[in-house]
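Encoded as structure tokens, the structure appears first; notes follow it.
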Amino acid sequence: MHSVTTRDNIPVSADAPTWLHYQDRDHARVIPLMQTDICGMYRCEVLSETYQVEIESNRHLFFLYDRRAVSTGSTWIDGRRVAGPRRLDVGLDYLPPLHALRCKGGSGGKVSYFIFAVNAREMGFVDSASSMLKPAMNVTGDVLLKLMRHIVDTATNRHKWPYFHDHMAVALLSEMLRLQSTEDNASGKRFSSAQHQRLTHHIDENLNSSITLRDLAGVVGLSVYHFSRTFKHHFGVSPCKYITERRIEKAKRLMRRGNMRLLDIAIEVGFQSNTQLSRSFRRVTGQSPRCYLMSVDEVAQST
């Protein structure tokens, strides 16, 4: 397994920033693209599908991944697992100073990306504001992504305008602070009636396919983290439990019709097998599908 470790004050290879150390240079490559006293842009290419990376710096780190980049492993922040396999090219990742990121990739993954490292103290970014920032993954804010992509484009094209990237670093941090402040103000609140309607419609129309948190968060315009908190506050259950309950309700309706096999019903409501349906059915209703149908028949006969 390829192992990549980044920590401040560790000796590094000649082509890597001072806070980045690759233990196996044959399987990874770091290319410095630009650097000032305030910020730096680095191109990182992991050449092995199986890898492990640990990052902890005193800088603000923004990660922008190549198109079609995927992770087949898991991601931990400050020792807590925050994500499994995921697409990496749908947004950018952000790691504030003194937070620890660990990623572990498995076979089939492909990871190449840019890191934009910003020293907030050097540029006079307010410490109290900077300390409010939290790690974030797959951030999809339009302004933030445009800023980051513009920084990448100008860095790769060797833009020569003095202080350009320093100014862009200020704009990038300010936009991240604005996004997180907006989400913090919204957290704990309920969805609007329009958001509620869009969510329930999206879920009910897609019960026979995979429904991801990222998809649902996009329906209401929130990050995955704040969507999950707001969803549970609004509906009283987690998104996963709500979706399962909706699938079981639809399965009940189809079972009462009496013209479909249990396997066909399972597939129609998003389960991979009738065994999986039966297990979830029992967990939600307290009885098996067969017992449920028997109780329905008894009620029908008594009336």
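The values are calculated or read from the model by the stated rules, or taken from the named source; none is laboratory data. As the structure is a prediction and not an experimental result, all values here were calculated from the model. With ideal geometry, Cβ positions are generated from the backbone for all residues, glycine too; neighbour counts draw on all protein chains shown.
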Original post:
Name the residues in the stretch 206-227 that are closer than 26 Å to Ile267 by Cα and touching a Ser or Thr at 6+ places or on another chain (Cβ under 8 Å), would you?
Top reply: Leu213, Ala217, Gly218
Original post:
Among Leu254, Leu263, which is the only one that is over 30 Å from His196 (Cβ atoms) and touching a helix residue (DSSP H, G or I) at 6+ places or on another chain (Cβ under 9 Å)?
Top reply: Leu263
**OP:** Go through Ser107, Ser74, Ser57, Ser130 for me and flag whichever is surrounded by 14 or more Cβ atoms within 10 Å (Cβ to Cβ), of a type in the set (S, T, N, Q) and modelled with pLDDT under 80.
**Re:** Ser130
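Here is a yes/no grid of residues against (1) closer than 25 Å to Thr212 by Cβ; (2) surrounded by fewer than 14 Cβ atoms within 10 Å (Cβ to Cβ); (3) in contact (Cβ under 8 Å) with a residue 12 or more places away in the chain:
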residue	(1), (2), (3)
Gly236	yes, yes, no
Ala251	yes, no, yes
Ala266	yes, no, yes
Phe271	yes, no, yes
Gly286	no, yes, no
Tyr292	no, no, yes
Original post:
If you go through the stretch 205-224, how many residues are in a helix (DSSP H, G or I), in contact (Cβ under 8 Å) with a residue 60 or more places away in the chain and crowded, with 19+ Cβ neighbours inside 10 Å?
Top reply: 1
